[in-house]
Amino acid sequence: MTRDAVIGALRAAPRPILDVPPSDWETEPVSKKAAVLVPLVDRDDGMSVIFGQRSERLNSHAGQISFPGGRIEDADADEAAAALREAEEEVALHPAQVEIIARLNTHRAGSGFAIAPLVGIVRPPVELKPDGIEFIDAFEVPLDFLTDPKNHRRESMFWRGADRWYSVFEYEDRYIWGATAAILVNLIGVLKGHP
C-alpha cells in the first residue's frame, strides 16, 4: 500500500474503541495502561512495519516480537507521548521522524494491560538500534506481506480452562503472535475498510 492509501484508510476509519469490554478469561479489572507505536516506514519500494524482539531475560513476554512501547508514565503528556518515548528508548527511533496519524482499538492483554496502539508514519532514514535491555533486535516487515491473507493464520492453546484462539504471522524466522498480532489484525482491518 502507498502512504496516501494508508493515511486515507486510517482517516476514513470509524473512531477506535477505547473502552474494550473484558474477555471471559479476565478475572480482574485492567490496572495498567500502556501505549505502543505501530511504526509504518514510508519507503520508496512500499511501506514496512517496525518490530522488536524482546529479551529472553524479561519477566513478561520474554523473547516475543512486539511493537515498541510500554507503560504510560505520569510524566507522559498522553498516549502518543508514551509510545514515542518508548520507541526512542527501545529502538532509537527519534520522535521527530514520526507523524502520529491514527489510534487503533484498545487491546486488553492477558497481563492486565490496556494497550493503546498509535499508528505513526516514519520518515527515513531509519537506523534502528535496540537498547539491548528490553529489545535485543529490531527489524522491518513489508506491510504488503502482513496484509496478504495467506500470511495470517489462527492457532489455539489451552489456557485458563479453555481453548484460546489467536492470530499468527510468520515472517522468515519471526513468529508474531499475542497482543502484537491482535493489533496487526485491527490495523489490517482498518486498511481494508472493515475494522
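Structure notes:
- The number of residues in region 113-125 that are out of contact with any helix residue (DSSP H, G or I) (no Cβ under 7 Å at 6 or more places or on another chain) and either hydrophobic (A, V, I, L, M, F, W, C) or surrounded by 15 or more Cβ atoms within 10 Å (Cβ to Cβ) (or both) comes to 3.
- Count - residues of region 163-176 that are surrounded by fewer than 18 Cβ atoms within 10 Å (Cβ to Cβ) and among the hydrophobic types (A, V, I, L, M, F, W, C): 2
- Given (1) surrounded by 19 or more Cβ atoms within 10 Å (Cβ to Cβ); (2) assigned to a helix (DSSP H, G or I), index of the condition PHE145 fails: (1)
- Of the residues making up region 71-94, those that are outside any helix (DSSP H, G or I) and out of contact with any strand residue (DSSP E or B) (no Cβ under 6 Å at 6 or more places or on another chain) are GLU73, ASP74, ALA75, ASP76, ALA77, ASP78, ALA92, LEU93, HIS94.
- Taking the criterion of being surrounded by fewer than 24 Cβ atoms within 10 Å (Cβ to Cβ) and either more than 17 Å from the chain's Cα centre (by Cα) or closer than 9 Å to LEU37 by Cβ (or both), the residues of region 79-95 that qualify are ALA80, HIS94.
- For first residues located in region 75-88 and of a type in the set (Gly, Ala, Ser), partners that are in a loop (DSSP other than H, G, I, E, B) and buried (at least 24 other Cβ atoms within 10 Å of the Cβ) and lie 6+ apart or on another chain with Cβ distances below 6 Å form the pairs ALA87/PRO68; ALA87/LEU93.
A short reminder: the numbers here are calculations on the coordinates, not readings from a lab. Small disclaimer: the values here were computed from a predicted structure and weren't measured. Virtual Cβ from ideal backbone geometry, glycine too; neighbours counted across all protein chains shown.
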